[in-house]
Amino acid sequence: MKIRDNSRIEQGVTWLTDWRVWTVIISSILGAIAKFIGGYFYGSKALFVDALTSLANLVALIATIYYYSKTHLPPDLDHHFGHHRLGFTGALVTVIAYSFVAGLVVADLLYTKTYSVEVHAPLLALIGLIFYSIAIYVSRRISEYFGPYSAFTISELLESITVIVASLLGYLYTYIVDYIGAIIIVSYLFYELQDTLRDLVKILSDVAPPMKLVEETRKTIEKHGVKVERIRLRLVREGFYQGDITISLPPDITIEEAHKITDIIERELKNKYNIDVAIHIEPYRTEK
């Protein structure tokens, strides 16, 4: 799953005033209702499994929106560098919710007995597919913090397609086809869990930016007549980096001049690459 960044945080847009967030909320709720009705009242085991994942999807959505709103907060005494990474707490809740549902589904499938599927099940699965398609399309354009949510919501689409086919064949032929569809859904759910966890480990492990960006940063600094001794950068969220840079200046430069140079460098790195850095100055060392 690729975490994207279309965040409007810098523009001061909160979720309460963002029509896209409300579109995702309403679409997800309607999609979950359609699936739950079809799975609970019309006999499809595949659709019932799909409905359980939809409930997890709603929990994930609430957590994602809540922590997404926290990323708008300015730096404070407890968060000197801002609240950017709080947004990924929603992703952690997403993983927990879907892991819980995956465990329930496996237990339910192990003890399933013979059942019958009614014709309304595939119709309601189709309705759920339509609503979740809207939710995915919109959520992927809000912020990278919605990335894990949208990835699992994509699984809702795949589940809906699987359920439509499985429940229809289960109605026409045998419930076994519908049961196999349920197994396919939970198998994909486990795959999506490990894929999302891998992405979270990457984004939360202070991974360095691409070497090309590091070299561009070095060139931007050195054009101001200073020597770069060390660059340390980390990825905070896609397209935003923090770190520290050590530079050396000739000994004849005054404190005022050094301060002016570092201010210019910091502003340029922020405006050009969205990098927040603290610059440490050392005396210029000539090579012997």
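Some points to look at:
- Length released on extending from residue 227 to residue 66, taking residue separation times 0.36 nm less the Cα-Cα span: 53.6 nm
- Residues whose amide H comes within less than 5 Å of that of residue 229, counting only those at least five positions distant or on another chain, are 246, 247, 248 (H built at 1.01 Å from N in the peptide plane).
- Using the Cα coordinates of the chain, the gyration tensor eigenvalues translate into equivalent-ellipsoid semi-axes of 52, 18, 13 Å, sorted from longest to shortest.
- Pairs of Cα atoms nearer than 8 Å and 6+ residues apart set the relative contact order; for region 211-283 it is 32 percent.
- Once you reduce region 234-278 and region 158-208 to the center of their Cα atoms, the two points are 46 Å from each other.
- Charged side chains reduced to their Cβ positions (Lys and Arg at +1, Asp and Glu at -1) give region 211-283 a dipole of some 360 debye around its Cα centre.
- Extending 7 Å from Cα along the Cβ direction at residue 92 and again at residue 113 yields two label points whose distance is 4.3 nm.
- Partners of residue 270 within straight-line reach, counting lysines whose Cα lies under 18 Å from its Cα and excluding those fewer than 8 residues away in the same chain: 212, 219, 223, 260.
- By average C-beta atoms within 10 angstrom, highest first, the peptides 230-241, 39-50, 253-264, 72-83: 39-50, 230-241, 253-264, 72-83
- With only the Cα atoms considered, region 57-149 has a convex hull volume of 95 Å³ per residue.
- Fluctuation leader among 86, 52, 269 - the chain, Gaussian network, Cα springs under 10 angstrom: 269
- Summary of packing: across the peptides 97-104, 133-140, the per-residue average of other C-beta atoms within 10 Å ranks them, highest first, as 133-140, 97-104.
- Region 95-111 and region 29-76 have Cα centres spaced 15 Å apart.
- Each Cα pair under 8 Å and six or more residues apart adds its separation to the average, and for the chain the resulting relative contact order is 20 percent.
- GNM top mover of 206, 252, 18 - the chain, alpha-carbon springs below 10 Å: 252
- Segment residue 130-residue 78, extension gain: residue separation times 0.36 nm, minus the distance between their alpha carbons: 14.4 nm
- Bridgeable lysines around residue 35 (alpha carbons under 16 Å apart, same-chain partners fewer than 8 residues away excluded): 45.
- Note on region 211-283: along the principal axes its Cα atoms extend 40, 19, 17 Å, ordered by decreasing extent.
Rule-based calculations on the coordinates, nothing more; no lab input. Computed from a predicted model, the values in this text were never measured in an experiment. With ideal geometry, Cβ positions are generated from the backbone for all residues, glycine too; neighbour counts draw on all protein chains shown.
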